[in-house]
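Just so it is clear, none of the values below were taken in a lab; they were calculated from the coordinates. Values in this document were obtained by computation on a predicted structure and should not be read as measured data. With ideal geometry, Cβ positions are generated from the backbone for all residues, glycine too; neighbour counts draw on all protein chains shown.
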Amino acid sequence: MKKFYLEVTIFPILWKSITNYILDIKKIFTPDFVKQNYHKHVSYSLVLTFFAIWFLFAFAHLRDTGNFFPIFVGGFGAYAVNWLREAYYNYKSKDEIKFDQTDINMGSYGGILGAVLYLLLLA
């Protein structure tokens, strides 16, 4: 009897992306954090997400959700904005500025921290 194998190519890509997202946290504690301007992605995303979450709590009834959802919105929103920024500058510079996934991950960490900071100040 012949065995049937189904190969799903998205799973290795997802696994690599998730592990890189988690492992990029260690770059916060290296000299590259300042040298590669990762600190700017974290800090700008933190401030922008803090005010975005404040706006959503005030006008979009985000207060009615639990604590996990605003953190998800902050992290994913900052991820999306940083991804668009990286894609725009990569396209605009004709590949002189390389697309860096770590920049996007650092921005997402800043978004998570901004949402957590707002929730802590709200409590």
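Counting each DSSP H run of 4 or more residues in the chain as -39500 (n - 2.57), what helix-only mean residue ellipticity at 222 nm follows after dividing by all residues, to the nearest 500 deg cm²/dmol?
-24000 deg cm²/dmol
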Longest principal axis of the chain (C-alpha) makes with the long axis of helix 101-122 (C-alpha) an angle, in degrees to the nearest 10, of 30
Among H41, I22, G77, the residue whose Cα sits farthest towards the positive end of the charge dipole of region 18-123, when +1 is placed on the Cβ of each Lys and Arg and -1 on the Cβ of each Asp and Glu, is H41
Under the 7 Å Cα-to-Cβ spin-label approximation, R63 and F29 lie apart by a distance in nanometres of 3.9
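L119 to I97: FRET efficiency via 1/(1 + (r/R0)^6), r the Cβ-Cβ distance, R0 41 Å, to the nearest 0.05?
Values: r = 34 Å, r/R0 = 0.84.
Working from the Cβ atoms, E equals 0.75.
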Counting as exposed only trypsin sites (Lys or Arg not before Pro) in DSSP loop states with no more than 14 other Cβ atoms inside 10 Å, the longest exposed-site-free span of the chain is 4-93
Out of G74, G66, G107, a Gaussian network model of the chain with alpha-carbon springs under 10 Å gives the largest mean-square fluctuation to G66
To the nearest 10 degrees, the tilt of helix 38-59 (Cα long axis) against the first principal axis of the alpha carbons of the chain is 60
Length gained, K40-Y88, 0.36 nm per residue minus C-alpha separation, equals 15.5 nm
Sparse-neighbourhood loop hits (chymotrypsin sites (Phe, Trp or Tyr not before Pro), region 5-82; DSSP loop; Cβ within 10 Å at most 12 others) -> Y5
tail above 26 Å in the computed P(r) of the chain, as % of all Cα-Cα pairs, reads 32
Longest principal axis of the chain (C-alpha) makes with the long axis of helix 10-23 (C-alpha) an angle, in degrees to the nearest 10, of 50
For region 10-122, averaging the sequence separation of alpha carbon pairs under 8 Å that lie six or more residues apart and dividing by its residue count, the contact order in percent is 40
